[in-house]
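Comments concern the structure below.
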Amino acid sequence: MNKLLPILIGIVGHLFISSDLMAQSATNGFTLPAIPDTLQTVESRSSYLVAHYWDRFSFADSLQFMNQPEMVEQALVDYVDLFRLVPAAEAENSLSALMDQASVTLNGFLFFYNTLEKYLYDATSPMRNEALFIPVLQKMMASNKLSDDDKLRPAMLLKSVSKNKVGSMAADFSYTKPDGSQHQLSEVQTPLTLLLFFDPECDDCHQVIMRLEKTDVLNQLTADRQLTVLAVYPGENKRLWQTMAQHMLPTWEIGMDESQTIYKKELYDILGFPSMYLLDQHKTVILKDASLTALEKYFGANENTHK
């Protein structure tokens, strides 16, 4: 997917590469900006590259979105990949500026929006980042080029990505345990909570739960009362939930939303199962709709912190 990535990372990594070489760097017709030689650190060069990535791109040429869509998409993919090298605020500002530039033509505006949705929002994308998708959606909603109908999906997605986002307080809810007792998310007292929404009939859920149950760091944190794994079924098939609950780790907190409040009040946008959130002791979201890879990376990077 990232044909340009080795070129881009190489350019950023070699601090003393010349501006002339930067100016000549092009793949499939896309020309990178020339980074000033005065910028001598990886951080400053990365920031410049993200801020000026599209300087040599002709947004007014609407035919290229039909004639060369693969070239533009590849350039956009590599641009998004660069965000890991700069602070989030810089990436957000760059995306806002990009959408402003793309709005010169309706074709371009929609092309960039649809492509960014594919990479920043789609659940299957390894580059998925809902927080960075917010400024893109905000530009769609503010556009005077789009009809109200055109804005229906962006409006729906903006509502979704703004809900329980990283850094915000996770929505509280009640759940019933297998013994019939009632509890709330806010009652969990451990420093960390892994909130796992699952469905007993979901094959992926069974696989993820088995993987989590065999993860040593999670088991140790649970045993040390540093982490609570709260697995909640938001559906209505109580019999299936009870059957599955019997086979889950007794050290986990297993619950069911019998009142269906999560769905009725749209407390969480559960796009698919399983859906996992990592929360701190105040129930602030650390990771939203996290993958196993993201969880393993977090706990690996913070393993000593939680001991």
(message) Exactly one condition in (1) surrounded by fewer than 16 Cβ atoms within 10 Å (Cβ to Cβ); (2) among the hydrophobic types (A, V, I, L, M, F, W, C); (3) under 24 Å from Arg239 (Cα atoms) is false for Leu106; which is it?
(response) (3)
(message) For a quick check of your reading: which helices (runs of 4 or more DSSP H) sit entirely within segment 1-114 and have at least 2 residues that are in contact with a helix residue (DSSP H, G or I) (Cβ under 7 Å, 6 or more places away or on another chain) and either under 30 Å from Met141 (Cβ atoms) or at pLDDT 80 or above (or both)?
(response) 42-52, 64-67, 69-81, 88-102
(message) For segment 289-299, give me the residue count where each residue is under 12 Å from the mean Cα position of the chain (by Cα) and over 16 Å from Pro126 (Cβ atoms).
(response) 0
(request) Would you tally the residues in segment 264-300 being open to solvent by less than 30 Å² (accessible area, probe 1.4 Å) and either among the polar types (S, T, N, Q) or without any contact (Cβ under 8 Å) to a residue 40 or more places away in the chain (or both)? (result) 2
(message) I'd like the full set of residues that are open to solvent by less than 50 Å² (accessible area, probe 1.4 Å) and under 16 Å from Asn114 (Cβ atoms), limited to segment 52-70.
(response) Phe59, Ser62, Gln64, Phe65, Pro69
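The values are calculated or read from the model by the stated rules, or taken from the named source; none is laboratory data. This one's a predicted model, so the numbers in the text were calculated from it and none came from an experiment. Every residue, glycine as well, gets a Cβ built from its backbone with ideal geometry; the counts of neighbours run over all protein chains shown. Side chains are part of the model used for accessible areas, which takes the heavy atoms of the whole protein and leaves out ligands, DNA and RNA. Shrake-Rupley method; radii C 1.70, N 1.55, O 1.52, S 1.80 Å.
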